[in-house]
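Any read-out appearing in this document is the output of simple, stated calculations on the displayed coordinates, not a laboratory observation. Since the model is a prediction, treat every value here as computed from it, not as a measurement. Backbone-built Cβ (ideal geometry, glycine too); neighbour counts: all protein chains shown.
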Amino acid sequence: MDRFFPELGFYTLPGHVFAPTPVFEEMRDADRLGLGSVWISERLNTKDIGVLTGACIARSDRMAVASGLINNLPLRNPMVVASYAATAMMLSQNRFTLGIGRGTDSLEKAVGIPHASDQLVEDYVDILRRLWRGERLTYEGPAGKFDGATLGIELETPPPVIMGAVGFKNCEWAGRFCDGVLFNTFWTKEATAEGVRRIRASAEAAGRDPSKIKIWAILAAACEVPEDVELFTIIRRLNTYLFFPRQWKATMRINNWDPATAEKLQAALAEIDGEQKSGTIGDENTSRDLDQIRRMRDLWPREWIDGSTATGSAEHCAQAVQDRFDAGVDGVAFHASTPANLAPLLDRWAQIRDRQRFDAQSPNPGIA
């Protein structure tokens, strides 16, 4: 309970969980192991972002809590999100960050909501900030229509806003408008470094202090775990990304991965899973059969896996973390593994981390 890593976070309830109750054990383990923040990915079944935010805040008085991410912003009126974030910020005593994303095409189609264009997201964020400042809002545009809307309060410390980035264009946009940026999973260290460069340059060009933009990398990790766990947490997660054409193409571009190899992977997965089925997210039906996942593992280029994840020994995984910090990020959020499975990695990280660099850092992912 003495050690604390404000520079590290974890995603609670990783994967397609069928019940939210493991969040309590995960938060207990995360607090004990010293993780600085918990990130909550939204899935419209048993992973409601508001309920889980409250549960996580209640389970720790030192860890920060981030929505990571609220996807498909048009699904909610900005007043609803402003109220949610204001409540979480005050309840946590300023340990909350609002993470937002553009979401998936499949959810847009499934529930009939508009695409989150650049202008919509920009207006949405501006509306949130104006509401947190206590303004009475009049607006009509892509983010909705408001005539005198107000929260009736002014927040002394408004929630920082972090934007999820699937490509370099997102990085440049977020550098101009957001308090922080969260890189998507499976970015190599080279892509991470380029994303950092673009964010800082974009912020500076917009007249902002580049050092005030807090940048996080998501790192899928499977450290010293049995083969079946690595298959499910790393390879199956990679497989699900093949179901999101827009996000997957962006990942291919930023990592300079071979498109022909990607097409072969998609064809192989289609043979296993069949045609993509409709759903709120779109990847719900990716195979959980270990033999089928193993077949896919043998098709994925090993250098893609090793370059974009943290697998194997604690030493190797800790080096993957260090590589992200060397690339310029301010924090790393682990995905795919529970806190308990991260224990060997965290023990090794405690031995090599730069305490002078990290100990004074705020655990709030959006406050530099």
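Of all the options 180, 112, 195, the one that moves most in a Gaussian network model of the chain with Cα springs shorter than 10 angstrom is 112. With each label modelled as a point 7 angstrom along the Cα→C-beta vector, the residue 315-residue 252 pair spans 3.7 nm. Listed by number, the DSSP H helices of the chain that run 20 Å or longer by alpha-carbon position along their axis and have mean Kyte hydropathy of at least 0.0 are 259-273. Just checking the listed ones, 162, 153, 113: in the Gaussian network model of the chain with Cα springs under 10 Å, the one fluctuating most is 153. Neighbour counting of Cβ atoms within 10 Å sorts the residues 287, 117, 92, fewest neighbours leading, into 117, 287, 92.
Considering segment 103-258 at the alpha-carbon level, its Rg and Dmax are found to be 18.4, 57 Å.
What the pair-distance distribution of the chain shows, using all Cα-Cα distances binned every 10 Å from zero, is 5, 25, 36, 25, 8, 1 percent.
For the residues 309, 138, 185, a GNM of the chain with alpha-carbon springs under 10 Å puts the largest fluctuation on 138. Legend: residue pairs 145/214; 169/189; 189/214, Cα-Cα distance threshold 28 Å; pairs beyond threshold, 145/214.
Ordered by the count of other Cβ atoms within 10 Å of each Cβ, fewest first, 316, 335, 115, 16 give 115, 316, 16, 335. Using equal-weight Cα scatterers in the Debye expression, the normalised intensity of segment 113-178 in log10 at q = 0.12, 0.29 Å⁻¹ is -0.35, -1.24.
Counting neighbouring Cβ atoms within 10 Å and putting the fewest first, the residues 60, 337, 308 line up as 60, 308, 337.
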